[in-house]
Structures are given as C-alpha cells and as structure tokens.
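**Student:** One structure is given below, represented as structure tokens, and several questions about it will come after.
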Amino acid sequence: MIIELRSARELGSACYDDDLVMWAAQGLTGAGRAWALGDAVVAGSPLISRRDRLAVWGGADCAAELLRHALGELGPAYRPLGEAELMSEVTARLDGVRERGRFSWMSLPAAPASAPAPVLGEGVGWVEAEAEVAALLAAAAPHSYAVPGAAGVSRWAGVRVDGRLAAVAADAWSAPTVGLLAGVATDAAFRGRGLAERVCRWVSRELVAAYGRAALMVDDVNAVAIGVYERIGYRRRPVMAAHVTP
C-alpha cells in the first residue's frame, strides 16, 4: 500500500535520512510531498535548482510503482532523479519515462567532534553587492542555475583580490537538513589561484553549521571541480535524471 508521508521525521525514517531525498523534499513544507511503498521512497518539490524534482530511492520494483503514482499526483513536469543504477532499472519499467542526463550528487556530512578543524577560506565572506555577483556570473558562468534574485537562492559568498570580486558561491535551494552549494564561479582573470576552493570550503562550513550537512550537483565532465569538492571532503554518487516524454 502506498503511504503518503506527512513529516520530515517520517520521511527520514523511511529513507534512512538519505541526503538527496531529504533535500528534494525540502522539509515537506510548502508544496513538498513524499510517498513510501515497501522498500522505496519518492519525494519532491517544485522549483528547486530550477526544476520540479522528484528524488527516487530504494528497490526498483516499488520505486517504479511509487514514481508512477507520484507523477500522476504531481504531473509530468516533474523530473525524477536518483542513483544511476536504480534509475536505469526504474525507467526500464515505466513507459514514457526516459533518461534525461547524468551527473553527480556530492554530499558533505558534519565532521565528527574529534576531527581537526578544516583549513577555512581566508578573506571569504557573505557578499551584499549582488550586482557584482551577477556581473561575475554573466562573464564567467552564464549558464549557472543560481543567480542573484532567483527564487530559492538565499545568499552569496565571495573573495576579493585588490578589491575586485574574484570568486563566488551560493547557498541556494537548501532544505532544513541539507544545505546546497551552487553558483560556483571564478573571474577568468583570477583562475588558477585556488580561489574557488577557498570560497567553497568556507561556504561548505557555513552550510554544515546551518543545516547539518552540505551537498551539491556537478557535471561528470567537470573533473577539476570534482577534484576540488573531493579535497574538501564531499562524497560522490553518480545520478541519473529522467523526464516524462509526450
């Protein structure tokens, strides 16, 4: 029997607090919804990281049935995503649901109390001048999903070189228990100095402090960025996104 989950506590128990699922549910506040069936959970929210998204978790048979139900409830605009192997099996079971693309979900848990303090980003801080952030992104990362003023993009951090904003990153579409790092970009004139890593380390620490853990999405072809995130301590999971075909 399909059960609709009504609270973040119920959802966390059902999916063993999986960070991708907990992020997609956005705390089950607003329009977030989630369902469980057997060993599977599907949870999602509208307009997170620029898409209506549904995270899929668990065994493929139950997950496919749950996803069919969720899409019937929420409509075909929702984009299912989950671990690549699971989503390959799920899409094979559902007519009209096809692979859209692959990337990586990376997560950073809170450090144990006994762990040494990480090296943080010297000179990094929250940026109030969003016009500067917008100008840097327009030149250095014009396809960034996170931009100043977009719904769900909460705040920007950056580092300056000789007074000029050189690298930025955002706290965007964060859930109550998962902070999302997005909008990472470096001015072309300052690349190769480790500034993006400095900003990402600082923002990641802030996200873990505020939400308990941090996460991000990254293209698999972006080996340089993946290397930066792994040095910070992020763990990588291959993910597949799907869509409903006409």
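The values are calculated or read from the model by the stated rules, or taken from the named source; none is laboratory data. Everything numeric in this text was worked out from a predicted model, so none of it was measured. So basically every Cβ, Gly included, is an ideal-geometry build from the backbone, and we count neighbours across all protein chains shown. Surface areas here come from the heavy atoms of the whole protein model, side chains and all, with no ligands, DNA or RNA. Shrake-Rupley method; radii C 1.70, N 1.55, O 1.52, S 1.80 Å.
**Student:** What percent of all Cα-Cα pairs in region 40-178 falls into each 10 Å bin, going from 0 up to the bin containing the maximum distance?
**Tutor:** Here the calculated profile for region 40-178 is 10, 30, 27, 22, 10, 1.
**Student:** Any chance you could list P(r) for the chain, counting all Cα-Cα pairs in 5 angstrom bins from zero, rounded to whole %?
**Tutor:** Whole-percent P(r) values from 0 Å outward: 1, 7, 14, 18, 18, 15, 11, 8, 5, 2, 1, 0, 0.
**Student:** Here's a follow-up. Between VAL21, ALA60, ILE232, whose Cα lies farthest towards the positive end of the dipole of the chain when Lys and Arg beta carbons carry +1 and Asp and Glu beta carbons carry -1, centred on the Cα centre?
**Tutor:** Result: ILE232, furthest along the dipole toward the positive end.
**Student:** Something else about it: When you count, for each residue, the other Cβ atoms within 10 Å and take the mean per peptide, how do 135-145, 79-89 rank with the highest first?
**Tutor:** 79-89, 135-145
**Student:** Using a probe radius of 1.4 Å on heavy atoms only, what accessible surface per residue do you get for the chain? Whole Å² is fine.
**Tutor:** With all protein chains present, the chain gives 47 Å² per residue.
**Student:** ARG231: net charge of surrounding residues, Cβ under 10 Å, Lys/Arg +1, Asp/Glu -1, itself excluded?
**Tutor:** Neighbourhood net charge equals -1.
**Student:** Amide H of VAL97: which non-local residues (sequence gap of 5 or more, or other chain) have their own amide H closer than 5 Å, using H built in the peptide plane?
**Tutor:** It is THR245, by chain and number.
**Student:** Charges at C-beta only: +1 for Lys and Arg, -1 for Asp and Glu. How large is the resulting dipole of the chain about its Cα centre, in Debye rounded to 20?
**Tutor:** 400
**Student:** Measuring from the lowest to the highest alpha carbon on each principal axis, how far does region 143-217 reach, largest first, in angstroms?
**Tutor:** The Cα atoms of region 143-217 stretch 36, 23, 21 Å along the principal axes, largest first.
**Student:** Mind checking region 193-244 for trypsin sites (Lys or Arg not before Pro) that DSSP puts in a loop (not H, G, I, E or B) and that have at most 15 other Cβ atoms within 10 Å?
**Tutor:** Passing sites in region 193-244 are ARG193.
**Student:** Would you work out which of GLY101, GLY194, VAL153 lies farthest towards the positive end of the dipole of the chain? Charges go on Cβ: Lys and Arg +1, Asp and Glu -1.
**Tutor:** Going by the Cα projections, it comes out as GLY194.
**Student:** Report the full-extension gain for the segment TRP126 to ALA210: residue separation times 0.36 nm, less the Cα-Cα distance, to one decimal in nm.
**Tutor:** Length gained between TRP126 and ALA210: 28.8 nm.
**Student:** Restricting to Cα pairs below 8 Å that are 6+ residues apart, what does the relative contact order work out to for the chain? Please round to a whole percent.
**Tutor:** Normalised by residue count, the contact order of the chain is 22 percent.
**Student:** Oh, and also: Determine the dipole magnitude for region 106-238: charges of +1 sit on the beta-carbon of Lys and Arg, -1 on that of Asp and Glu, nothing else is charged, the reference point is the Cα centre, and the result goes in debye to the nearest 20.
**Tutor:** With Lys and Arg at +1 and Asp and Glu at -1, about 380 debye.
**Student:** Please give the contour-minus-distance gain from ARG237 to HIS69: 0.36 nm per residue of separation, less the Cα-Cα distance, rounded to one decimal in nm.
**Tutor:** Roughly 57.9 nm would be gained on extension.
**Student:** Where nothing but the Cβ of Lys and Arg (+1) and of Asp and Glu (-1) is charged, how large is the charge dipole of region 13-67 around its Cα centre, in debye to the nearest 20?
**Tutor:** 360
**Student:** Sticking with this structure for a sec: Taking 7 Å along the Cα-to-C-beta vector as the label spot, tell me the MET1-ALA135 distance in nanometres, rounded to one decimal.
**Tutor:** A separation of 6.1 nm, rounded to one decimal place.
**Student:** Mind listing which chymotrypsin sites (Phe, Trp or Tyr not before Pro) in region 1-36 are in a DSSP loop and have 14 or fewer other Cβ atoms within 10 Å?
**Tutor:** Those satisfying the criteria are TYR16.
**Student:** Okay, next question. Once you put a point 7 Å from the Cα of ASP52 and another 7 Å from the Cα of ALA92, both along the Cβ direction, what distance in nm separates them?
**Tutor:** 2.9
**Student:** Summing -39500 (n - 2.57) over the DSSP H runs of n ≥ 4 in the chain and dividing by its residue number, what mean residue ellipticity at 222 nm do you reach, to the nearest 500 deg cm²/dmol?
**Tutor:** -9500 deg cm²/dmol
**Student:** Now a separate question. Each residue of region 127-136 in turn: what ³J(HN,Hα) in whole Hz from Karplus with 6.51, -1.76, 1.60 and θ = phi - 60°, glycine and Pro shown as x?
**Tutor:** Once rounded to whole Hz, the list reads 10, 8, 7, 5, 5, 5, 4, 4, 5, 5.
**Student:** Along the charge dipole of the chain, pointing to its positive end and built from +1/-1 on Cβ of Lys, Arg, Asp and Glu, which listed residue (ALA43, LEU136, VAL203) has its Cα farthest out?
**Tutor:** Value computed over the given set: LEU136.
**Student:** Then there's this: How large is the Kirkwood hydrodynamic radius of region 123-170, in angstrom, based on all distinct alpha carbon pairs?
**Tutor:** 10.8
**Student:** Normalized C-alpha radius of gyration of region 5-116, against 2.2 N^0.38 Å?
**Tutor:** 1.06
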